[in-house]
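S.K.: Here's a structure for you.
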Amino acid sequence: MKQETLTDMEYSFRKKKTKREEFLEIMDEIIPWDEWVGVIEPYYPTS
């Protein structure tokens, strides 16, 4: 379980979402991230 910081608690009491948060939620719904990661992973450098 992750301990909440003061910032996390402050954000949890907000009512209105920012445009950035709305945009990221929409992107998560639209883009098949697992598929994209599978395509990119073979070319991604590892340390």
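The values are calculated or read from the model by the stated rules, or taken from the named source; none is laboratory data. Bear in mind the structure is a predicted one, so any value in this text is a computation, not a measurement. Note: areas computed on protein heavy atoms with side chains; ligands, DNA, RNA excluded. Shrake-Rupley method; radii C 1.70, N 1.55, O 1.52, S 1.80 Å.
S.K.: In segment 1-43, what residues are of a type in the set (D, E, K, R), open to solvent by 80 Å² or more (accessible area, probe 1.4 Å) and part of a helix (DSSP H, G or I)?
M.R.: Residues satisfying the conditions are 10, 19, 20, 22, 25, 28, 29, 34, 35, 41.
S.K.: Condition test on residue 46, is it assigned to a helix (DSSP H, G or I) and among the hydroxyl-bearing types (Ser, Thr, Tyr)?
M.R.: no
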